[in-house]
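Okay, so here's the structure we're looking at.
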Amino acid sequence: MNATKIAPSILAADFANLQRDIEMVNKSQADWFHIDIMDGVFVPNISFGMPVLKAISKHAKKTIDVHLMIVEPDRYIQTFADLGADNLTVHFEACTHLHRTLQAIKAAGMKAGVALNPHTNIQLLEDVIQDIDLVCVMSVNPGFGGQAFIENTYTKVRALKELIISKKANTLIEIDGGVTDKNAKALVEAGADVLVAGSFVFKSKQPIETIANLKEITQK
């Protein structure tokens, strides 16, 4: 089994010292940069856009995992590929033609991810799971950092893992929202492969050590 991937969420970084925080992640044991793009329409918040992602890509030395919380994500697939995204995750709830969107992401040279809001049943992915590289299970409602973890996530992850195995897919399971050292191991035991950690990392007094601790306690 592969080691659990840790993906610090840049949404929780200090935007006034963004390069400093990017360099911190580069030096740490983290595996990915998780970058949330919000449009104020799909979610009630606006985060950073293309210029900031371009700046992050210039300094980031690890996988850039972009999570689009936007309407009409198809319009921007090639743009995000050009800006350096390695993974591009779209929301199931925002895609009318999900299969076509997944194919377009792959055609642009990126891994294709699908995010599910807390109310969305994982069985809705049954017909496309073999086309998905990454399922991002939202363990909080999307749009804001620092929310409390939704306990039903464990059940959802186990069901998703069963679906992936039954379909002989190679899909990774990512958890986004409220991840800490208190729930990380249980999430991995339920089937998670990638843990997104925002506030827990960037509000820590010693973020590099916090990432190392997450890495240690989640080894499979």
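Taking the square root of 5 times each eigenvalue of the Cα gyration tensor, what semi-axes in Å does the equivalent ellipsoid of the chain have, largest first? Don't skip to the answer; put the middle values down first.
Numbers: eigenvalues 111, 93, 49 Å².
One finds semi-axes of 24, 22, 16 Å for the chain.
Can you compute 3J(HN,Hα) from phi for each residue in region 183-200, using the Karplus curve 6.51 cos²θ - 1.76 cosθ + 1.60 with θ = phi - 60°, rounded to whole Hz and x for Gly and Pro?
10, 4, 5, 5, 5, 5, 5, 6, x, 6, 10, 9, 10, 8, 10, x, 4, 4
Evaluate the charge dipole of the chain about its Cα centre and quote only its size in Debye, nearest 20, assuming +1 on the Cβ of each Lys and Arg and -1 on the Cβ of each Asp and Glu. Kindly include the intermediate steps, with their values, before the conclusion.
Details: 22 positive and 25 negative charges, 92 e Å.
Here the size comes out at about 440 debye.
³J(HN,Hα) across region 96-102 via Karplus (A = 6.51, B = -1.76, C = 1.60, θ = phi - 60°), whole Hz, x for Gly/Pro?
Values, residue by residue: 6, 10, 4, 4, 4, 4, 4 Hz.
Where nothing but the Cβ of Lys and Arg (+1) and of Asp and Glu (-1) is charged, how large is the charge dipole of region 142-212 around its Cα centre, in debye to the nearest 20?
Working: 9 positive and 8 negative charges, 22 e Å.
It works out to roughly 100 debye.
If the reach is capped at under 19 angstrom between alpha carbons, list the aspartates and glutamates near K156, excluding any in the same chain fewer than eight residues apart.
Counting by Cα, and skipping residues close in sequence, K156 has these aspartates and glutamates nearby: E93, E126, D127, D133, E174, D176, E189, D193.
Probe of 1.4 angstrom, ligands and nucleic acids ignored: what's the accessible area per residue over the chain, in square angstrom?
Numbers: 10050 Å² over 220 residues.
About 46 Å² of surface per residue is accessible.
If the reach is capped at under 29 angstrom between alpha carbons, list the lysines near K54, excluding any in the same chain fewer than eight residues apart.
Correct list for K54: K5, K27, K62, K106, K111, K203, K205, K215.
I'd like to know which of Q29, I46, M69 lies farthest towards the positive end of the charge dipole of the chain, counting +1 on Cβ of Lys and Arg and -1 on Cβ of Asp and Glu.
It is Q29.
Please list, ordered by chain and number, the residues whose modelled amide H lies under 5 Å from the amide H of K5; skip anything fewer than 5 residues away on the same chain.
Those qualifying (amide H under 5 Å, at least 5 residues apart or on another chain) are V194, L195.
Within region 34-120, list the trypsin sites (Lys or Arg not before Pro) lying in a DSSP loop whose Cβ has at most 16 other Cβ atoms in a 10 Å radius. Working shown, then result.
On the way: sites: K54, K58, K61, K62, R75, R100, K106, K111; in loops: K61, K62.
Taking region 34-120 and a limit of 16 other Cβ atoms within 10 Å, the loop trypsin sites (Lys or Arg not before Pro) found are K61.
The values are calculated or read from the model by the stated rules, or taken from the named source; none is laboratory data. Note that this is a predicted model, so its numbers are computed, not measured. Neighbour counts run over all protein chains shown; Cβ positions are idealised from the backbone, glycine included. For accessibility, only protein heavy atoms count, side chains too; no ligands or nucleic acids. Shrake-Rupley method; radii C 1.70, N 1.55, O 1.52, S 1.80 Å.
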